[in-house]
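Written out below as structure tokens is the structure these notes cover.
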Amino acid sequence: MARARRHKSHRISKIHERRPNDLPFNAEVATIEVDDPLALEPGEKIVALRSIRNDPLGRLHSHRQIDDAQYRAGRAFQNDWERAERGPQAIDPSREYVDGAQGREPVTEGQRQAVLRLNRAERELGADGAAIVHDILVQGLTMEQVGLKRDLCSQRWNDYFARRFRECLDRLALVYGFATERVPKRPLSADAVRRPTIRGR
């Protein structure tokens with residue numbers, strides 16, 4: 001008897017090509033898969049290019065030198081820093097001129113929470129780790145520039161700063177909840193080890 005043939009739906013997910021064909025000669029880009037803003041069904045993805053020229057964290061992630069948890073922790077730190085930052089603002093010409101002095105802006109709850117998370121992260125990282133993280137994630141310095149800032153110019157120091165930065169990202173991943181701490185295995189005590197018994201004696 002002949003088997004009934006089942007028709008399988010061959011749904012091919014269309015990937016829209018939205019990458020530019022002509023890039024500047026000094027462009028440093030990496031591919032990233034993002035949600036399709038023009039998708040008809042949720043969950044469709046497209047491949048896009050992101051610039052990693054002034055983004056040391058993005059460069060490390062695109063070269064697979066840090067994992068996703070470290071990358072997300074670094075982005076969370078940058079997001080908290082931007083949220084907590086209160087600097088000078090541009091003049092709004094549409095507002096009525098009174099005396100030229102701007103009133104104090106109240107601190108929002110989001111800013112307060114961001115400052116609390118940053119303080120906790122700084123305590124976890126220590127003074128040296130917090131300085132390295134600030135140099136790389138906030139100021140956008142490379143490992144070579146971090147070494148030059150400290151007058152330590154050699155490949156050995158660059159490797160040290162890279163290794164120390166990855167350790168700091170691991171700690172940030174724990175602080176922000178993107179990773180869990182490893183529990184070391186306890187060695188078995190002499191009482192817990194079962195000795196085999198020999199039958200017949």
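The residues of the range 144-168 that are over 23 Å from Y71 (Cβ atoms) and either in contact (Cβ under 8 Å) with a residue 12 or more places away in the chain or surrounded by fewer than 12 Cβ atoms within 10 Å (Cβ to Cβ) (or both), listed by number, are K149, D151, C153, S154, Q155, R156. Contact map, the range 57-77: first residue in contact (Cβ under 8 Å) with a residue 40 or more places away in the chain and under 18 Å from V146 (Cα atoms), second residue in a helix (DSSP H, G or I) and hydroxyl-bearing (S, T, Y), Cβ cut-off under 7 Å, separation 6 or more or different chains; pairs are L57/Y71. Being surrounded by fewer than 16 Cβ atoms within 10 Å (Cβ to Cβ) and not in a strand (DSSP E or B) is the filter here; which residues of the range 46-66 pass it? Scanning the range 46-66 gives R53, N54, H63, R64, Q65.
Does R195 count as modelled with pLDDT of 55 or more and out of contact with any Cys (no Cβ under 8 Å at 6 or more places or on another chain)? No, not satisfied.
The values are calculated or read from the model by the stated rules, or taken from the named source; none is laboratory data. These numbers were taken from a predicted model, which means no experiment stands behind them. Ideal geometry is used to build each Cβ from the backbone, glycine not excepted, and the neighbour counts take in all protein chains shown.
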